[in-house]
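First up is the structure itself, then whatever we jot down about it.
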Amino acid sequence: MVMKVSICVGSACHLKGSYAVVSVFKKMIENENLGDTVELNASFCLGQCSNDGVSVKINDEIFFVKPEDAENFFKNEIMKRD
């Protein structure tokens with residue numbers, strides 16, 4: 001089953017570092033050979049602008065990720081689900 005991961009790139013999340021989170025996730029997918037099991041997408045507003053961090057949706061669950069925590073988040077939330 002393919003895990004769908006969407007990262008908000010709307011205005012608020014852009015200012016919080018969404019492109020840095022995208023870069024980390026892309027690198028992790030490539031380094032861990034997860035291209036067949038993790039589908040990474042950019043998304044416009046997920047309606048969570050007031051929360052601290054970039055909105056990241058995994059399947060139907062929304063999380064908030066700071067760029068400096070992106071690698072650990074990926075390891076703990078995405079790799080453990082795979």
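The values are calculated or read from the model by the stated rules, or taken from the named source; none is laboratory data. Because the structure is predicted, anything quoted here is derived from the model rather than measured. Methodologically, a virtual Cβ is constructed for each residue, glycine included, from the backbone with ideal geometry; neighbour enumeration extends over all protein chains shown. These area figures cover heavy atoms from the full protein model, side chains too; ligands, DNA and RNA do not enter into them. Shrake-Rupley method; radii C 1.70, N 1.55, O 1.52, S 1.80 Å.
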Scan region 57-75 for residues that are part of a helix (DSSP H, G or I) and either open to solvent by less than 80 Å² (accessible area, probe 1.4 Å) or modelled with pLDDT under 95 (or both) and jot them down.
-> P67, D69, A70, E71, F73, F74
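Considering only residues of region 32-56 that are of a type in the set (A, V, I, L, M, F, W, C) and farther than 15 Å from R81 by Cβ, which is most open to solvent (accessible area, probe 1.4 Å)? Let's see the steps before the verdict.
Quick first cut of region 32-56, residues of a type in the set (A, V, I, L, M, F, W, C) only: 34, 38, 40, 42, 44-46, 49, 54, 56.
Those still in the list that are farther than 15 Å from R81 by Cβ too: 42, 44-46, 49, 54.
Values: A42: 74, F44: 157, C45: 81, L46: 38, C49: 65, V54: 0 Å².
Checking each candidate, the answer is F44.
Can you find, within region 38-77, the residue that is farthest from S6 (Cα to Cα) among those that are hydroxyl-bearing (S, T, Y) and touching a strand residue (DSSP E or B) at 6+ places or on another chain (Cβ under 6 Å)? Can you show your working first?
Let us first name the residues in region 38-77 that are hydroxyl-bearing (S, T, Y), namely 43, 50, 55.
Next cut, touching a strand residue (DSSP E or B) at 6+ places or on another chain (Cβ under 6 Å) only: 43, 55.
Numbers: S43: 6, S55: 8 Å.
Per the stated criteria, the residue is S55.
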Pairs, first at positive phi in region 1-28, second of a type in the set (A, V, I, L, M), C-beta under 9 Å, six or more apart = G17/V54; G17/V65; G17/A70
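Got at least one residue in region 23-31 being among the hydroxyl-bearing types (S, T, Y), within 10 Å of the chain's Cα centre (by Cα) and either surrounded by 15 or more Cβ atoms within 10 Å (Cβ to Cβ) or modelled with pLDDT under 95 (or both)?
From region 23-31, those among the hydroxyl-bearing types (S, T, Y) are 23; that's our starting set.
Filter again for within 10 Å of the chain's Cα centre (by Cα), leaving 23.
With the extra rule that they be either surrounded by 15 or more Cβ atoms within 10 Å (Cβ to Cβ) or modelled with pLDDT under 95 (or both), the set shrinks to none.
For region 23-31, residues among the hydroxyl-bearing types (S, T, Y), within 10 Å of the chain's Cα centre (by Cα) and either surrounded by 15 or more Cβ atoms within 10 Å (Cβ to Cβ) or modelled with pLDDT under 95 (or both): absent.
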Just give me the residues in region 1-19 being within 10 Å of the chain's Cα centre (by Cα), crowded, with 19+ Cβ neighbours inside 10 Å and of a type outside the set (G, A, S), in sequence order.
-> V5, I7, C8
